[in-house]
Amino acid sequence: MRAILVPLAGSLMLVSAVGQAHAEVHGNADSVPMGREFAAVNGTVIQCPLPAPREAEAMAAQFETRPRDLDRLAEEAAAFFESDSEIGAAFRARRAEQFATDWPQRCRYRDANADLVQSGRDARVVFMGDSITEGWVEADPEYFSANGYVGRGISGQSSPQMLARFWQDVVALDPDAVHIMAGTNDIGGATGPITEVEYIGTIRSMIDIAKANDITVILAGLPPMSRLLPRLEFDTRPVVPRLNTLLAELARDEGIIFVDYFTSLSAPDDSFDIAYANDGVHPTRAGYAVMKELAEKAIAQALEPDKE
């Protein structure tokens with residue numbers, strides 16, 4: 001069965017996670033269409049559920065221009081994760097099942113990757129990331145399709161999970177460049193606590209794999225993060241700039257392009273400017289428009305014809 005994916009660092013998927021969990025608890029979930037069969041090395045067959053479009057309610061919640069009440073979101077998140085929440089318990093059970101059977105979530109894009117390779121279409125740039133990357137494709141699909149860009153973001157993912165699926169979701173697609181954005185869910189502890197050294201080491205490993213396969217790397221700085229739901233006692237605002245400093249240093253050491261999204265999206269107190277995000281973590285379309293301009297400059301630099 002399919003797991004419910006929700007980034008612990010924010011509230012983007014909270015509404016859809018609750019809705020899907022509620023349907024499963026009460027037996028109203030639609031049957032999930034399955035993809036093609038892939039032969040596994042142990043003699044079994046891998047068949048993944050095809051990803052369904054995100055629920056309209058969740059899409060509207062993310063791209064609503066009016067700021068949402070973060071205190072209320074915190075209360076909803078706390079209630080969702082309470083031990084006596086039936087819907088939260090369903091979510092945790094599905095998440096545990098998914099972690100046990102497909103921790104990196106290779107299933108998410110297995111069929112899409114096979115389709116892309118089979119079509120012979122070029123993947124100019126692969127965007128590897130979490131819900132912020134996944135939401136970008138949803139916010140502006142034409143930007144990706146018209147430019148040969150491929151979105152490989154998965155909501156709730158930490159950098160170790162991205163590393164585990166990097167070959168399948170990036171290298172096997174033979175792109176000219178990869179845009180790596182990871183860390184929001186590392187702060188959120190989506191797959192357990194991680195040190196700064198371990199985090200940077202994981203990012204470095206993805207860079208090493210890309211370089212070994214002649215893929216130009218664009219390393220993205222993390223967007224701002226106003227809150228960590230439901231851990232309101234933990235101030236995320238100084239954490240993101242500190243990690244971005246380490247990422248910029250890593251990019252400099254590795255001789256790769258670094259794109260700074262934080263400066264353009266942050267408020268004076270280092271929270272996410274409400275003009276660009278309504279939940280303190282995930283960009284609205286206005287936020288993605290700012291990111292698009294910065295990304296295009298980085299991609300142009302990465303793919304310039306005379307680049308060595």
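Selection over the stretch 21-64 of residues that are among the polar types (S, T, N, Q) and modelled with pLDDT of 80 or more gives a count of 3. Could you tell me whether any residue of the stretch 258-269 is of a type in the set (Asp, Glu) and farther than 25 Å from Ile207 by Cβ? For the stretch 258-269, residues of a type in the set (Asp, Glu) and farther than 25 Å from Ile207 by Cβ: present.
Among the conditions (1) surrounded by 14 or more Cβ atoms within 10 Å (Cβ to Cβ); (2) more than 25 Å from Ala300 (Cα to Cα); (3) without any contact (Cβ under 8 Å) to a residue 40 or more places away in the chain, Gln118 misses just one, which is (1). Do we have Ala146 as within 18 Å of Ala295 (Cα to Cα), of a type in the set (Gly, Ala, Ser) and surrounded by 22 or more Cβ atoms within 10 Å (Cβ to Cβ) here? So Ala146 does not fit the description; no. In the set (1) crowded, with 17+ Cβ neighbours inside 10 Å; (2) within 18 Å of the chain's Cα centre (by Cα), the condition left unmet by Phe99 is number (1). Scan the stretch 122-148 for residues that are of a type in the set (A, V, I, L, M) and without any contact (Cβ under 8 Å) to a residue 12 or more places away in the chain and jot them down. Across the stretch 122-148, the qualifying residue is only Ala146.
The values are calculated or read from the model by the stated rules, or taken from the named source; none is laboratory data. Please read these numbers as outputs of a predicted model, since none were measured by experiment. Positions of Cβ are generated from backbone atoms using ideal geometry, with glycine treated the same way; all protein chains shown enter the neighbour counts.
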